[in-house]
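Notes follow once the structure below has been shown.
The values are calculated or read from the model by the stated rules, or taken from the named source; none is laboratory data. The model shown is predicted, which means the values in this text are computed figures rather than measured ones. A quick note on method: Cβ atoms are made from the backbone with ideal geometry, for glycine too, and the neighbour counts reach across all protein chains shown.
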């Protein structure tokens, strides 16, 4: 699978509003969610709590979750509530953030991810953005950087109907990549400019 990707024909890459920078004492806002699946076996390895965020700017034709697109839909949930739901099932391997577009709510998701890690779980994040765009955004937006850093496995790229495949794990179309921490680090080496020598 190729590690470098660029926006593909038919994929709408839109910008998203900057997340507020996490403050040392600031409390994370509640999450606006489209839904929760308590025992998912299709959103990553093991049994997972899958959280479907509300709001998505991509509007991918053929999207499996079009009801998640409006930013004002869904319902609000506190991080305490979501952590409690996670704790209820000791068989969970981790949490999966899907959508919608999780990076629209990067700050509270990064905090929730930290709580899940503290409980021994893993974090998977789906995004319609490509990693390279998120990495560039993370240089200016600490919340995006925090969610990227808290993500063990990133599944990136928009859903492209023409590339739909039922033969690939955890993805809807073949342009989407499974990027663990090691692969993301290699990509960063390819896209980051060398620091100026002093």
Q) Of the residues that make up the range 92-108, is at least one more than 15 Å from the chain's Cα centre (by Cα) and either closer than 30 Å to residue 186 by Cβ or in contact (Cβ under 8 Å) with a residue 40 or more places away in the chain (or both)? A) yes
Q | Criterion: more than 18 Å from the chain's Cα centre (by Cα), part of a loop (DSSP other than H, G, I, E, B) and at pLDDT below 50 - qualifying residue of 11, 18, 5, 24 | A | 24
Q) Looking at the range 37-62, which of its residues are touching a residue at least 24 places away in the same chain (Cβ under 8 Å) and in a strand (DSSP E or B)? A) 38, 39, 40, 48, 49, 50, 51, 52, 53
Q: Considering only residues that are buried (at least 17 other Cβ atoms within 10 Å of the Cβ) and in contact with a strand residue (DSSP E or B) (Cβ under 7 Å, 6 or more places away or on another chain), look in the range 66-78 and name the one that is nearest to residue 172 (Cα to Cα).
A: 68
Q. If residue 87 satisfies every condition in (1) loosely packed, with under 15 Cβ neighbours inside 10 Å; (2) under 29 Å from residue 190 (Cα atoms) but one, which is the exception?
A. (2)
Q) Inside the range 158-169, can you point out the residues that are out of contact with any strand residue (DSSP E or B) (no Cβ under 6 Å at 6 or more places or on another chain) and either in contact (Cβ under 8 Å) with a residue 40 or more places away in the chain or surrounded by 15 or more Cβ atoms within 10 Å (Cβ to Cβ) (or both)? A) 158, 161, 162
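Yes/no matrix, rows are residues, columns are (1) at pLDDT 95 or above; (2) closer than 15 Å to residue 54 by Cβ; (3) outside any strand (DSSP E or B):
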{"residue": "80", "(1), (2), (3)": "yes, no, yes"}
{"residue": "86", "(1), (2), (3)": "yes, no, yes"}
{"residue": "89", "(1), (2), (3)": "yes, no, yes"}
{"residue": "97", "(1), (2), (3)": "yes, yes, no"}
{"residue": "103", "(1), (2), (3)": "yes, yes, yes"}
{"residue": "110", "(1), (2), (3)": "yes, no, yes"}
{"residue": "114", "(1), (2), (3)": "yes, no, yes"}
